[in-house]
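The values are calculated or read from the model by the stated rules, or taken from the named source; none is laboratory data. Since the structure is predicted, the reported quantities are computational estimates derived from the model, not experimental observations. No Cβ is skipped: glycine too gets one built from the backbone with ideal geometry, and neighbour counts run over all protein chains shown.
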């Protein structure tokens, strides 16, 4: 049985992926966040080469790197490079020393930046923030590692779009939670479209890629169809059983101006706020991606409608619905 280490595996995607893999692989988790409840847990930090080498010296066949600094407001900004780039350099160095020839790297569609076109795996890379830039740098680190011994080493790079699911507190969860209240503020006209991904489908895909032959394989991960913000809101309302809800639409330029004011306030107060100019830009932008995963015979186990319903039931089934 192959032995897999999920580096940074204590996060949202990692804990789900471990459940998917554990019946077919011997799985371990390497993470700086301690988890004493698991026997197969290794405490360590990818920015520390000695810690990484000691933790991975257990005859692993496959490394799956999920570790990342990914939030918009990480401080100091050098952490993006320390974790995303130097951490990847360290993983490759340890893989060379321990003769580990299979690596899966979870990158991001952030490497494409704000593109007005639908991006596939070959689209131009123009990351706009430190997260996207360092993810792209990390990809190059892993590609160089694979190129050193292309006949022996297998590299899989997965670029997921925004991922949602049970126990995630990202944009989709916040949108669902707001829709349960008496009103929601819609920024812009709601016609912009978003590609999203369900965590259980993503985990199933990563497992599927482990069967690929030696080489360098790069995939976007997105579940179809793409929804406009307006249609996504309507689908969530339908799943929640909400027939009517008052929606306040705020023009984009006003919301963006407020976002910049909040950024200035956050700078002087040295405080982080949930709203920022960059998050408003993300919310109102078109973020559309294509994927080539059908070329390797992958079929997602859940449709998006099923995934949203499953997430809503898990997160909100025992919570009292607000007055309508």
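Filtering the stretch 287-324 to residues that are at pLDDT 90 or above, in contact with a strand residue (DSSP E or B) (Cβ under 7 Å, 6 or more places away or on another chain) and outside any loop (DSSP other than H, G, I, E, B) leaves 289, 293, 304, 307, 311. Filtering 90, 2 for residues that are under 24 Å from residue 151 (Cα atoms) and at pLDDT below 90 leaves a single hit, 2.
If you check residue 148 against the conditions, is it out of contact with any helix residue (DSSP H, G or I) (no Cβ under 6 Å at 6 or more places or on another chain), over 22 Å from residue 95 (Cβ atoms) and modelled with pLDDT of 95 or more?
no
Restricting 84, 16 to those that are in contact (Cβ under 8 Å) with a residue 60 or more places away in the chain, closer than 27 Å to residue 214 by Cα and either in contact with a helix residue (DSSP H, G or I) (Cβ under 8 Å, 6 or more places away or on another chain) or surrounded by 17 or more Cβ atoms within 10 Å (Cβ to Cβ) (or both) reduces the list to 16.
Of everything listed in (1) crowded, with 22+ Cβ neighbours inside 10 Å; (2) more than 24 Å from residue 288 (Cα to Cα); (3) modelled with pLDDT of 95 or more; (4) under 18 Å from the mean Cα position of the chain (by Cα), the single unmet condition for residue 135 is (2). Residues of the stretch 70-108 that are in a strand (DSSP E or B) and closer than 13 Å to residue 56 by Cβ: 102, 103. Exactly one residue out of 52, 63 is surrounded by 18 or more Cβ atoms within 10 Å (Cβ to Cβ), part of a strand (DSSP E or B) and touching a helix residue (DSSP H, G or I) at 6+ places or on another chain (Cβ under 9 Å): that is 63.
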